[in-house]
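Undergrad: The structure follows.
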Amino acid sequence: MNKALRNLPQIETVLSFSEIKTLAERFSRPEVVSALRKAIEQLRHEILADSTVALPDFEGADFASLVAADIENARSPSLLPVINATGVIIHTNLGRAPLARQAVAALRGASEGASNLEFDLESGKRGSRHTHVEALICELTGAEAAVVVNNCAAAVLLGLMVTATGRSVVASRGELIEIGGAYRLPDVIVQSGAVLHEVGTTNKTRLSDYEAAIDETTAVLLKSHTSNFKIIGFTSAPERGNLAKLAQERGVILMEDLGSGVLIDLSPYGMGEEPVVSDILKAGVDVVMFSGDKLLGGPQAGIIAGKREIIAKLKSHPLMRAVRVDKLSLAALEATLRLYSAPHDPVKEIPVLRMLADEIESVEARATRLGKELSNLESLQLEVTPSIARVGAGALPERDLHSFSVSIRSDKHSPDALCAALRQNKPPIIARIERDRVLFDMRTVNDDEIDVIARAVTRIANG
């Protein structure tokens, strides 16, 4: 056996050393034991790879400091705030929509003590959590009634379980979507207990296809907004109004899975392709589902709006308790929805909409400022250059957002190494790599984050 391996001490021996005993008092014995096992196992691997590796002084302060650092790291939160410099506004991996300051304040208020989540302040009796946002949603969308669950996938599942279990759901083949995490609409339909009846083709579905598919088993005509892909060229799909008329004539429900819900017209900002929820309901759709944390700009939630009798059945279904929204999301959602009404301007106060609508001159100014702060670093090749940002989260996949980025190449670090170092910053900074350069896209970076990025890049470049 390798001599160095024989010299690795037993855990109990190390625990008897004075410096390590102090750590056990500072933290806890199980934490110290776990950190010691990790450290000694790492040394074992190093020795097997290189027999000349020198062992540390296990009784010394330096080794104890390494053990303490490992424990501190293990105690650190896993979920951290990061700086999104990717140019993807609604980044699914980075938490989707950043909340407005009013939503953050509401969330904090609901979390710091008791709240009237399910308590009627007027009667002094049990209330319903649904009442806190239902009137607001109805006012903004024109719906007769509304309810909120924990995400849009849950909204679709609940909607289909209530309306179509044991019956058939007619859907166009061109709208049987898959989104991130292998979430497939056909699988959700099956899980709801409904039977999927596909009609049309990938690129063309006619009103007559739906009409021919309706029989005595049909409960729902399901329309899904293809927000994360586009089929162009030889395509066709029936108008919502015509589908609504057909559903009414045949006594079935027209349901739409909108995915990313928009409450205002985005066409002034070059994004008119995304349908507005109120327009969908005006077209005659009976019930529509959409997300709270995408283009609406709020917390994770699945919003269901539409006909009163359908919403009433959803509220009373046993699955509702399993998918109901929590108090923190409700508080943040209520505050976000209020920003869509006067005297507020949602485009100025909701971060997602603000980033979408931000004038290119403002984005360029932020890029110029960061470039100036980094211009004295001799080890960096730096450019302020036009770039393309994205909406993200499966919304408007073909829509380019003109942006500006600070592009850097380091003499000391590869792009991958530089990005890795940025991710270790406090707070972590998430950039993107294009053409062997690291890009900080300034459409998703706010003014307060510029100095943080500059300090991090300077530290890494000079390290």
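The values are calculated or read from the model by the stated rules, or taken from the named source; none is laboratory data. Since the structure is predicted, the reported quantities are computational estimates derived from the model, not experimental observations. Cβ sites come from the backbone with ideal geometry, for glycine too, and all protein chains shown count toward neighbours.
Undergrad: Out of the range 28-77, which residues are under 29 Å from Pro428 (Cβ atoms) and of a type in the set (Lys, Arg)?
TA: Arg37, Lys38, Arg75, listed by residue number.
Undergrad: Identify all residues within the range 438-459 that are surrounded by 20 or more Cβ atoms within 10 Å (Cβ to Cβ) and outside any helix (DSSP H, G or I); write none if there are none.
TA: Those that are surrounded by 20 or more Cβ atoms within 10 Å (Cβ to Cβ) and outside any helix (DSSP H, G or I): Val438, Leu439, Phe440, Asp441, Met442, Arg443, Thr444, Val445.
Undergrad: Please work out if Val391 is buried (at least 18 other Cβ atoms within 10 Å of the Cβ) and modelled with pLDDT of 95 or more.
TA: no
One line per residue, one yes/no per condition, for (1) closer than 30 Å to Ala114 by Cβ; (2) under 24 Å from the mean Cα position of the chain (by Cα); (3) assigned by TED's automatic domain parsing to the domain that holds Asp257:
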site: Val288; (1), (2), (3): no, yes, yes
site: Lys294; (1), (2), (3): no, yes, yes
site: Ala305; (1), (2), (3): yes, yes, yes
site: Ile310; (1), (2), (3): no, no, yes
site: Val323; (1), (2), (3): yes, yes, yes
site: Leu328; (1), (2), (3): yes, yes, yes
site: Ala331; (1), (2), (3): yes, yes, yes
site: Thr336; (1), (2), (3): yes, yes, yes
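Undergrad: Sticking with this one: Does Ser34 satisfy the condition of being among the small types (Gly, Ala, Ser) and surrounded by 13 or more Cβ atoms within 10 Å (Cβ to Cβ)?
TA: Taking the combined requirement at face value, the residue satisfies it.
Undergrad: Going residue by residue through the range 87-106, is there one that turns out to be at pLDDT below 95 and farther than 30 Å from Arg432 by Cβ?
TA: No, because not a single residue in the range 87-106 is at pLDDT below 95 and farther than 30 Å from Arg432 by Cβ.
Undergrad: Determine whether Glu373 is farther than 30 Å from Leu136 by Cα and loosely packed, with under 13 Cβ neighbours inside 10 Å.
TA: no
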